[in-house]
């Protein structure tokens, strides 16, 4: 790439990336960012995505899978000859990203808050020559979240992402930021728990939860699990609100791309359900 056809940018990990001013062969390694690229009007430029990229379904199905988010198919990526790869610090794996970055421009996001997500959308928009469209999208998401109602009283919750062992979203996670924006108290956000702690049944009983939220991903919690959690933990709950277990759409709490537009409306309804 010559200086007039390339751009030098910094990604959200502080890495310097030299990429084309107008990328034409993009691979996305993160589901929420894949959807964002399509919503920015880059259907023709996207050549590859992971097997976990599912939105928008019809368009994603037409693009080459390059493996999982933590297990890339390097030979497929090499055949596609990307001029830009977009990944994420948490969702991808360091060894694979470093191997790709030795051959291709790799731009990485690092997101734990809504502010990080909006920054990512704006930066990606500039990176792929869709700055105005990305700015409009980010501004609309920001406005929708600013209008979220907040619960007036502390509502203590645990957000479960796995069944055996029990695992929850702790502090310093994007899910935690979404819970906080709803006025929910993430009981397992304290530093001693870590970002995605494993819990014992005894720890859950002792947490004095008002509600348990069972996410649809990565573990596919269903009604049978909701009933089992209700039976197992209701007897020791000391909630002022009446202990309950809810099945929630994990995409609305954890996807940090353009799906945030839908997430704001979903979270608004969920808050209304709790009041």
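Readers should treat all values here as calculations from the given coordinates under stated rules, not as data from a laboratory. Predicted model only: the values in this text are computed from it and were never measured.
Given an 8 Å cut-off on Cα distances and at least 6 residues of separation, report the relative contact order of segment 6-144 as a percent. Working shown, then result.
Numbers: 232 pairs, mean separation 33.6, N = 139.
This gives 24 percent for segment 6-144.
Just check segment 188-236 against the gyration tensor rule for me: Cα atoms, a ≥ b ≥ c as the square roots of the eigenvalues, rounded for a/c under 1.5, and otherwise prolate or oblate depending on whether a/b exceeds b/c.
Oblate is the answer for segment 188-236, as a/c is 1.5 or above yet b/c matches or exceeds a/b.
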The distance between the Cα centres of segment 1-59 and segment 191-269, in whole Å, is 32 Å
Options (i) 42, 39, 38; (ii) 66, 37, 36; (iii) 48, 44, 31 are given for Cα extents along the principal axes in Å, and the computed one is (ii)
Looks like segment 137-181, by Cα gyration tensor root eigenvalues a ≥ b ≥ c and the a/c under 1.5 rounded cutoff (else prolate when a/b is bigger than b/c, oblate otherwise), is oblate
Bridge orientation stat for the chain from DSSP, antiparallel percent rounded to 5, came to 30 percent
Once normalised by the length of the chain, the mean sequence separation of its alpha carbon contacts under 8 Å that are 6 or more apart gives a contact order in percent of 16 percent
Which of 160, 233, 174 fluctuates most in a GNM of the chain (C-alpha springs under 10 Å)? That residue is 233
In Å, the Kirkwood estimate of hydrodynamic radius for segment 161-275 over Cα pairs equals 14.5 Å
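Starting from the Cα gyration tensor of segment 6-144, take the square roots of the eigenvalues, sort them a ≥ b ≥ c, and report rounded, prolate or oblate (rounded when a/c is under 1.5, otherwise prolate if a/b is larger than b/c, else oblate).
On the way: a/c = 1.42, a/b = 1.25, b/c = 1.14.
Here segment 6-144 falls in the rounded category.
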